[in-house]
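Chemist: Before I ask anything, here is the structure I am working with.
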Amino acid sequence: MSVRRALPPLIGQSAPTRWLAMGWIVAAVAGFGVLTVLFAFDPSRYGFYPRCMFHQMTGLSCPGCGGLRAAHQLLHGHFREAFMFNPLLMVLLPVLAWLAFCQLWQAATGRELAFPLRHPAWLWMLLALVVVFSIARNLPIGPFTSLSP
């Protein structure tokens with residue numbers, strides 16, 4: 001009768017930590033693949049990208065409308081054009097990047113980095129910003145027409 005022994009943790013990590021690290025690696029590889037496709041194929045010219053269901057059903061632009069085209073322009077270094085497609089994405093991108101870095105840092109080291117936007121009040125302000133942006137970009141007159149993708 002043989003006794004099966006569990007493999008020792010890699011580099012002093014517990015099994016759940018190893019699975020979390022593997023999840024981040026898989027997400028990074030998948031993200032790199034998606035960004036490579038987005039870099040190579042302009043969403044304005046190719047129809048295989050998903051369409052916004054909210055826009056198809058209502059004719060209105062959601063807060064994410066224009067995000068793929070903005071990301072494509074951003075990957076090519078065209079910051080002005082990316083901002084024109086989705087200003088909200090461009091404003092929130094540094095915050096989202098810092099949040100992702102904080103999560104990666106915590107997963108890798110077990111220590112938290114300072115992220116002052118974790119307070120619930122910031123989430124409510126973000127929700128209010130998204131709602132105001134959504135309404136403003138769908139107004140047919142005034143200075144907000146430039147917010148439409």
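Chemist: What are the residues in segment 102-124 that are over 18 Å from the mean Cα position of the chain (by Cα) and either in a helix (DSSP H, G or I) or closer than 17 Å to P63 by Cβ (or both), if any? Can you show your working first?
Modeler: First, pick out the residues of segment 102-124 that are over 18 Å from the mean Cα position of the chain (by Cα): 106-114, 116, 119-121, 124.
Scanning segment 102-124 gives Q106, A107, A108, T109, P116, P120, A121, W124.
Chemist: Moving to a separate point now. Within the bounds of segment 128-135, is there any residue that is under 27 Å from V37 (Cβ atoms) and aliphatic (A, V, I, L, M)?
Modeler: So far as segment 128-135 goes, yes, one or more of its residues are under 27 Å from V37 (Cβ atoms) and aliphatic (A, V, I, L, M).
Chemist: Restricting the search to segment 59-89, which residues are within 28 Å of I25 (Cα to Cα), in contact with a Phe, Trp or Tyr (Cβ under 9 Å, 6 or more places away or on another chain) and surrounded by fewer than 18 Cβ atoms within 10 Å (Cβ to Cβ)?
Modeler: Answer for segment 59-89, where residues must be within 28 Å of I25 (Cα to Cα), in contact with a Phe, Trp or Tyr (Cβ under 9 Å, 6 or more places away or on another chain) and surrounded by fewer than 18 Cβ atoms within 10 Å (Cβ to Cβ): G64, L75, H76.
Chemist: Mind telling me which of the residues M90, M84, M125, M57 ends up being free of Cβ contacts under 8 Å to residues at least 40 places away in the same chain and under 21 Å from L38 (Cβ atoms)?
Modeler: Details: M84 fails: free of Cβ contacts under 8 Å to residues at least 40 places away in the same chain; M125 fails: under 21 Å from L38 (Cβ atoms); M57 fails: under 21 Å from L38 (Cβ atoms).
Among M90, M84, M125, M57, only M90 is free of Cβ contacts under 8 Å to residues at least 40 places away in the same chain and under 21 Å from L38 (Cβ atoms).
Chemist: Would you be able to tell me the number of residues in segment 64-83 that are within 19 Å of F133 (Cα to Cα) and either modelled with pLDDT of 95 or more or of a type in the set (A, V, I, L, M, F, W, C) (or both)? I'd like the intermediate steps shown before the answer.
Modeler: The initial filter retains those residues of segment 64-83 that are within 19 Å of F133 (Cα to Cα), namely 64-71, 80-83.
From the residues that got through so far, the ones that are either modelled with pLDDT of 95 or more or of a type in the set (A, V, I, L, M, F, W, C) (or both) too are 65, 68, 70-71, 82-83.
Going through segment 64-83 one residue at a time, the tally reaches 6.
Chemist: Residues being surrounded by 10 or more Cβ atoms within 10 Å (Cβ to Cβ) and either of a type outside the set (A, V, I, L, M, F, W, C) or in contact with a Pro (Cβ under 7 Å, 6 or more places away or on another chain) (or both): count how many of those fall in segment 25-50.
Modeler: Looking only at that region, the number is 8.
Chemist: Related question: Go through segment 49-101 and give me each residue that's basic (K, R) and either assigned to a helix (DSSP H, G or I) or in contact with a strand residue (DSSP E or B) (Cβ under 8 Å, 6 or more places away or on another chain) (or both). Before you say what the answer is, go through the steps one by one.
Modeler: At the first step, the residues of segment 49-101 found to be basic (K, R) are 51, 69, 80.
Across segment 49-101, the qualifying residues are R69, R80.
Chemist: Only one of P143, P149 is of a type outside the set (A, V, I, L, M, F, W, C) and loosely packed, with under 12 Cβ neighbours inside 10 Å; which? Steps first, answer last, please.
Modeler: On the way: P149 fails: loosely packed, with under 12 Cβ neighbours inside 10 Å.
On inspection, the qualifying residue turns out to be P143.
The values are calculated or read from the model by the stated rules, or taken from the named source; none is laboratory data. This one's a predicted model, so the numbers in the text were calculated from it and none came from an experiment. Backbone-built Cβ (ideal geometry, glycine too); neighbour counts: all protein chains shown.
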